[in-house]
Each structure stands twice: as structure tokens, then as C-alpha cells.
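*Asks:* Structure below; questions to follow.
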Amino acid sequence: MRRAPTRRLTTALLALSTLVPLTLTALPAQAAPTSATATSAAASTADPYADDCPPHGLDPALVARLDEAIARTQAETGVPGVTVGLWFPGRGSYVRSTGVADKATGAPMKPGLNMRIGSETKTFTATAVLELVDDGLVGLDDPIAGYLDGVPDGGNITVRQLLEMRSGLFSYSADPDFVQALLSDPTRPFTPQELLAYAFRHPNVFAPGTAFQYSNTNYILLGLLVEKLSGTPLADFIHQRVTGPAHLRRTLFPTGAEFPSPHAHGYTDQTLTGEVADTTDWNPSWGWAAGAMISNLSDLHRWARVVATGTLLSPATQAEREKFITVPGFDGAGYGLGLFDTHGWIGHNGSLPGYESVTMYLPEQKATMVILLNTDILHDGFEPSTLFAKAITSIVTPDHVYELPAEG
């Protein structure tokens, strides 16, 4: 059965895929992978963290198991192309790209390709807000109404509650008229104010702080908060205060549909007809502070450790960020201030039409995992990125498996 596009969008469009119930989508047949590239630490000298890993790389038996698991998961899910990066200081590293980046030409997936990262954008927006907390310009428990007008119940919704998804504000991406507008012309631009208008015509879902619900509206407001307090466009602030200091040279907050080459083509069934479409040139402005950014494997490798360890923040503010709130019904998972924790892995995932990603750091082992896909088409009710992450962590960190449930 193929879901109606509005149903798919209202439950998952750009949402944190692992924290939103999903339903079944029929998966179209995909061409067999046409290429594969694997590198060990000995061949990864261009990576900024290559010196963390010994030159002999991972144990060959472990590499063989990873190769098999990735190939099996790709065959089961029909994902066109996938890149996986794993780094284990003292043990080795693993980087593999398989399949195609462009189904029309057969161009291979490669580790250096730029990718849209969807809701991983929230880690950057949240970091920007927390830097302003460190600057003394805003308090986590300040009401948002003290900074931005027109927010329903804004006098009782705090900055912290926006960051941790406990504001109760309706998510604009669940509004049917928004879904229709986006899918009728996915190349059109949206302004933050237009997005909030879709949200604010609905009543709040619950009283602030009383429950958890993932809402993109929260992060649109946080992006506007950064602009209000800094006097700088959000994209510029993130470049100057977040990606620049973190030395992320290939991470971009686009202002429109720009997508620097080389990049992978993305494929989705989130269309008005339910047919699979190429989303490469869709305009991600509708995601803005909640999901518009672009990055690549090397930058996300670096970012995983930066964001999980608080390199850009004071220890006190990072400690606030890591107050993970258990999400009911999701055993072993919690959400903090723009980060989630699943069985010890800390980071975020991303999903928007055509692309998915997972960027995680395991503090116990100082290990990093990055997964990049060029489709968001579900398989048996699961985001494909979740299936890859579970298969991989079951092998490399069996005591810390990235596992989140599907809809019952």
C-alpha cells in the first residue's frame, strides 16, 4: 500500500525520523549497486581526524561483516546510494560508498559528495542559540514572548522548551495546506513568517512543558531568535560562530535551492501522485532553521565530536544541553537541546525528501558514525537510515545499538 503524500508529510516531513511514528510505504525496485569504494585508516589521510586511527585500520573480519551488513541492508531497502563512515580511535576506521549517486547516469556514490542533511540542521541552530546563552543575551528559561511577538502562549513557552520539543506548538509541516503548497511547487521559496503562519492558525497541542512532540515550528522560532539577538542573518551567524570555528569547510546553510557540486541526486515518493521524483533541485527554504543545511562526510565526522562534546560551548551550557528527556514509547532514547541519545550514541539524524543522514558520537569509545543516503523512501515502516545504523552498530558496538521502534 502506498500512503497518501499528505499522510507521509504530516508524520515525517523533515521530522526527527526516529521519534515520529511512521507507516508503511511500498518500495520501488532499484538498480543493483554499480560501484563501491572502501578505505581503511591507511587511505584516509585527508580526513581531519585520520591521526585518531592506527594505520592498520579495523580488523579484516570486522570489515567483512560490515561490508555484508551494508550490502544486505541496501538490497533490502532499495536505497540507490549510501556512504558510511566509522572512526574508532585505537581500533581503526571504515569508509565505504556503494551504489549510485545519480540513477539517470549511473554515476557512483562517493565519500566526498555534498548531501542535504535535513534535521541535522537543528544541531547547528541549537548550537547558535546556546552560544547566545553563553554570551548572556538570552536565558534558557526566558519566555520566548520576551523576544518575539505573536507566538501563541509565548509568555509561558521558554527557550529551553523550544529546544527540547516541549513547547506544545503545532508543527507547520503537519498542516495540509502547507503540504499541498510545497508539493504543488517544491522549487518555490518559503519565508520563516509564512511557515509560522501555517503553524499558528492551529491551537497549541498541549500546555508548555507537559509533554514531548517533535515540531519544526520550534526551530523556525529559534532561528528568528538568533537573528533578533545577533542582528545577523541566521546563515551568516552559523557560518561565523558555528561552522567556521568548527572548521567545517563544506557545510552550507543555503538561502535557496543552491547545491554545490559535487552532490548526489535525491529520490523521494513524497509527491502528489506518489511516484518517485528526483528532489535534487527542490528548494529547502521550507525547512530553514529546522532542516535546510548541506554537508558532507568529512565535515559531519568532525561535527559529530564537536557537538557531542560541547567544543563551542561552556561546560555549564553543554551540561544543560545533555539533559536528555525520555521520550515515552522509545526505550533507550532521549531528547536534549537539539540532540538525541540512543543507547549511548549522541547526535542527530535528518530526513527530508530525497535525503537521509545520521551523525552520532559515542563518548564511551570516542567513536563516530556518519551515514548518508540519497533517498527517504521508507522500508517496512522504517527510515532506511535507521536500518543502516542499527545493522552497523549491532556489529561494531553491540552494547550500544542504534535502535528505535517503528509504529506499532
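The values are calculated or read from the model by the stated rules, or taken from the named source; none is laboratory data. Note that the coordinates shown come from a computational prediction; the quantities given were computed from them, not determined experimentally. All Cβ positions, even for glycine, are placed from backbone atoms using ideal geometry, and neighbour counts span all protein chains on display.
*Asks:* Could you please find all residues in region 116-157 being more than 25 Å from Arg321 (Cβ to Cβ) and either crowded, with 18+ Cβ neighbours inside 10 Å or touching a residue at least 24 places away in the same chain (Cβ under 8 Å) (or both)?
*Replies:* Across region 116-157, the qualifying residues are Gly150, Pro152.
*Asks:* Any chance region 228-235 includes a residue that's surrounded by fewer than 21 Cβ atoms within 10 Å (Cβ to Cβ), at pLDDT 95 or above, over 22 Å from Tyr147 (Cα atoms) and not acidic (Asp, Glu)?
*Replies:* No - not one qualifying residue is present in region 228-235.
*Asks:* Additional query: So which residues in region 368-383 are crowded, with 24+ Cβ neighbours inside 10 Å and either in a strand (DSSP E or B) or out of contact with any Asp or Glu (no Cβ under 8 Å at 6 or more places or on another chain) (or both), if there are any at all?
*Replies:* Listed by number, the residues that qualify are Thr368, Met369, Val370, Ile371, Leu372, Leu373, Asn374, Thr375, Leu378.
*Asks:* A further question follows. Within region 160-176, how many residues are of a type in the set (Asp, Glu) and either part of a helix (DSSP H, G or I) or under 20 Å from the mean Cα position of the chain (by Cα) (or both)?
*Replies:* Residues meeting the conditions: 1.
*Asks:* I'd like the full set of residues that are among the hydrophobic types (A, V, I, L, M, F, W, C) and within 24 Å of Asn216 (Cα to Cα), limited to region 349-391.
*Replies:* Leu352, Val358, Met360, Val370, Ile371, Leu372, Leu373, Ile377, Leu378, Phe382, Leu387, Ala389
*Asks:* Any idea which of (1) without any contact (Cβ under 8 Å) to a residue 40 or more places away in the chain; (2) out of contact with any strand residue (DSSP E or B) (no Cβ under 9 Å at 6 or more places or on another chain); (3) closer than 26 Å to Leu221 by Cβ is the one Ser314 doesn't satisfy?
*Replies:* (1)
*Asks:* Could you say whether any residue in region 312-324 is of a type in the set (Ser, Thr, Tyr), within 22 Å of Val159 (Cα to Cα) and either at pLDDT 95 or above or buried (at least 20 other Cβ atoms within 10 Å of the Cβ) (or both)?
*Replies:* yes
*Asks:* Next up: Looking at the structure I just gave you, is Phe170 within 27 Å of Ala257 (Cα to Cα) and touching a Pro at 6+ places or on another chain (Cβ under 8 Å)?
*Replies:* On the way: within 27 Å of Ala257 (Cα to Cα): yes; touching a Pro at 6+ places or on another chain (Cβ under 8 Å): yes.
Yes: the conditions hold for Phe170.
*Asks:* Additional query: So which pairs qualify, if the first residue must be in region 182-204 and β-branched (Val, Ile, Thr), the second must be surrounded by 13 or more Cβ atoms within 10 Å (Cβ to Cβ) and part of a loop (DSSP other than H, G, I, E, B), the Cβ gap must be under 6 Å, and the two must be at least 6 apart or on different chains?
*Replies:* Thr187/Asn283
*Asks:* Only one of (1) buried (at least 18 other Cβ atoms within 10 Å of the Cβ); (2) hydrophobic (A, V, I, L, M, F, W, C); (3) in a loop (DSSP other than H, G, I, E, B) fails for Ala257. Which number is that?
*Replies:* That leaves (1) as the condition not met.
*Asks:* Can you name the residue in region 326-367 that is of a type in the set (Val, Ile, Thr) and surrounded by 24 or more Cβ atoms within 10 Å (Cβ to Cβ) and is also nearest to Gln213 (Cα to Cα) among such residues?
*Replies:* Per the criteria, the residue is Thr342.
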